[in-house]
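Inspection log for the structure reproduced underneath, given as structure tokens.
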Amino acid sequence: DPNGGFYSALDAETDGVEGEYYVWSREEVLKVLGPERTKLFGRCYGLDQPQSFEHGYVLHVAVSPTDLATEFQLPVADVERQLAASRAELLRVRQQRPALLRDDKVLTSWNGLTIRAFARAGQALNEPKYIKRAEQAALAVLGNMRDNNGRLMRSYRGGQSKLNAYLDDYAFLVSGLLALHEVTQEEKWLNAARRLTDDQISLFWDEKRGAFFFTTHDHESLIARTKSAYDGALPSGNSVAARNLVRLAMLTSETRYRDYAEQTLRAFVPQLRQSPAALAHLAIAVSECLAAFGTPEQLAVESERPSSPVPQQPKPSTNEAADQPLVVAASMSKEELAAHEHVKAVAYLGTDGVPGGGEVPVAVVIQVANGWHINANPAQPDYVIPTTLKVTTSAGGELKAATYPKGEMFRIEGFDDPLLVYEGTVILQGKLTVPAEAKTGEAELSVTIRYQACNSKNCLRPTNLTLKGKVRIVAAGEMVKPVNGPVFQPKEAGE
């Protein structure tokens, strides 16, 4: 869409033949490229392999340029240059084929999913252009797909937005905005996600039984208002909404988002027990909620233990510091976010400053992606690399009394001894000391996490994740104020 959004679909058929626009025969490639160039191109893109699709070859990289360079005794750069030229020539020919029919509606829900996909792909592949594309789409939806009162609309075409948005539209768009915030660390995306979520709660929330209806309270009268968590071709709106609420609760420290998330999950416990495979996305939401806030018993989900056990997170206290928003002391740069696909982290300090010669509590909250883990400290077995924490400032000082949570047992097929690992959300703590001679004012804060990420099949090489921020150094004896209570206040026994 010229405004930045994504159209709904392209027809899969040309003249009744599925995939005709995209596939190639050997003869077509040979006619365009000639015999010599077809040898290299055909070897790279699988034209020398059996045809798996009835209407032609779906070109894919079957042999890497590096292997081709060895096979054809050419420099890798020459191979890549020849392949690029051949692709460009074939593209010109393909563009002369009859154009596919296009559904040029812009749908809010589908754009939300696409925004999330582009943001995460940009981060994983270190491709800023994908992140920029996600930002353009987000601005297009937020700018064009609202009514005069600011309420979200479902579709946009020809300069007009139509139809009141459904639950999926709100939930999927918020998911995309939260992904953009994670990747860019720009507060505007978080703020937009919060506003839309608040609107979603106001418009769709079931006050009697919890969770979200598919239609708004002021929608035209229906025989029955549906409320489902079953996945189809797309994840259910309630499941995505629950995941959004968990994420917002963690980012904002607002307990109301956690309450709505837990009520949404509880509303579908019977269905989840009966048909867990049909509510896969809701199961992910349960796992993330348990990792962030509590135990299976608290959500009344019958299970001996979570599928991804994690150390218990501290519960917010009722004191003044606990009621204030969290203040981030150090975070990952865009480069670090792109470099560490499976592990993210942020650091907090326990007070708003530290006097010269004094110390300040430090907490580093690590989020490990689903299906991955990092080694515990101390490590078991002792030959694996433990996760370690280092904190320094430009004014000197060091981390003392570092504490690491107890790891969880993780068994790998073929190994007798289990590993001790961290999964989900992990909090490392310690105390940062500052020299008595440190100058007052802001000092650079650097946090380094040494870890090795693994899944059930392989391990990545050990690496360092770095957080950068500031710490305020005050004169000896000057009072400092406690901050970040939810992170540092321990959970009381019996709560």
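Within the range 410-426, the set of residues being aromatic (Phe, Trp, Tyr), out of contact with any Ser or Thr (no Cβ under 8 Å at 6 or more places or on another chain) and at pLDDT 85 or above is empty. So which residues in the range 214-233 are surrounded by 14 or more Cβ atoms within 10 Å (Cβ to Cβ) and not small (Gly, Ala, Ser), if there are any at all? If the condition is that a residue be surrounded by 14 or more Cβ atoms within 10 Å (Cβ to Cβ) and not small (Gly, Ala, Ser), then Phe214, Thr215, Thr216, His219, Arg225, Lys227, Tyr230, Asp231 are the ones that fit. Exactly one residue out of Thr392, Thr387, Thr433 is at pLDDT 90 or above and under 28 Å from the mean Cα position of the chain (by Cα): that is Thr387. Only one of the numbered conditions (1) within 19 Å of Cys289 (Cβ to Cβ); (2) of a type in the set (S, T, N, Q); (3) touching a strand residue (DSSP E or B) at 6+ places or on another chain (Cβ under 7 Å) is not met by Thr216, and that is (1). If the condition is being of a type in the set (Val, Ile, Thr) and either surrounded by fewer than 16 Cβ atoms within 10 Å (Cβ to Cβ) or not in a loop (DSSP other than H, G, I, E, B) (or both), then the range 386-414 contributes Thr388, Val391, Thr392, Thr393, Thr403, Ile412.
If you go through the range 251-290 and keep only what is surrounded by fewer than 23 Cβ atoms within 10 Å (Cβ to Cβ), hydrophobic (A, V, I, L, M, F, W, C) and closer than 21 Å to Pro486 by Cα, you end up with just Leu251.
Beta carbons closer than 8 Å, at least 6 apart along the sequence or on distinct chains, pair a first residue in the range 171-198 that is outside any helix (DSSP H, G or I) with a second that is aliphatic (A, V, I, L, M) and buried (at least 24 other Cβ atoms within 10 Å of the Cβ) for Glu186/Leu180. All conditions in (1) surrounded by 24 or more Cβ atoms within 10 Å (Cβ to Cβ); (2) over 20 Å from the mean Cα position of the chain (by Cα) hold for Gly150, with the sole exception of (1). Every condition in (1) among the charged types (D, E, K, R); (2) in contact (Cβ under 8 Å) with a residue 24 or more places away in the chain; (3) not in a helix (DSSP H, G or I) is met by Lys162 except one, and the failing one is (2). Test Tyr130 against the criterion of being surrounded by fewer than 24 Cβ atoms within 10 Å (Cβ to Cβ) and within 15 Å of the chain's Cα centre (by Cα), and give yes or no. So Tyr130 passes the test. Is the range 151-158 home to any residue that is among the aromatic types (Phe, Trp, Tyr) and not in a strand (DSSP E or B)? The answer is no, given that none of the residues of the range 151-158 is among the aromatic types (Phe, Trp, Tyr) and not in a strand (DSSP E or B). Does Arg120 satisfy being part of a loop (DSSP other than H, G, I, E, B) and touching a residue at least 40 places away in the same chain (Cβ under 8 Å)? So Arg120 fails the test.
Screening the range 359-384 for residues that are in contact with a Cys (Cβ under 9 Å, 6 or more places away or on another chain) and either basic (Lys, Arg) or assigned to a loop (DSSP other than H, G, I, E, B) (or both) and picking the one that is surrounded by the most Cβ atoms within 10 Å (Cβ to Cβ) gives Trp372.
Does Leu125 satisfy the criteria of being surrounded by 16 or more Cβ atoms within 10 Å (Cβ to Cβ), of a type outside the set (Lys, Arg) and over 20 Å from Tyr166 (Cβ atoms)? Spelling it out, it is not the case that Leu125 is surrounded by 16 or more Cβ atoms within 10 Å (Cβ to Cβ), of a type outside the set (Lys, Arg) and over 20 Å from Tyr166 (Cβ atoms). Where helices (runs of 4 or more DSSP H) fall wholly inside the range 229-289, the ranges with 1 or more residues that are among the aliphatic types (A, V, I, L, M), within 25 Å of Trp110 (Cα to Cα) and in the same structural domain as Ala117 (by TED's automatic domain parsing) are 237-252, 255-267.
The values are calculated or read from the model by the stated rules, or taken from the named source; none is laboratory data. Since this is a predicted model, take the numbers as computed values, not measurements. Because the Cβ atoms are built from the backbone with ideal geometry, glycine has one as well, and the counts that use them run over all protein chains shown.
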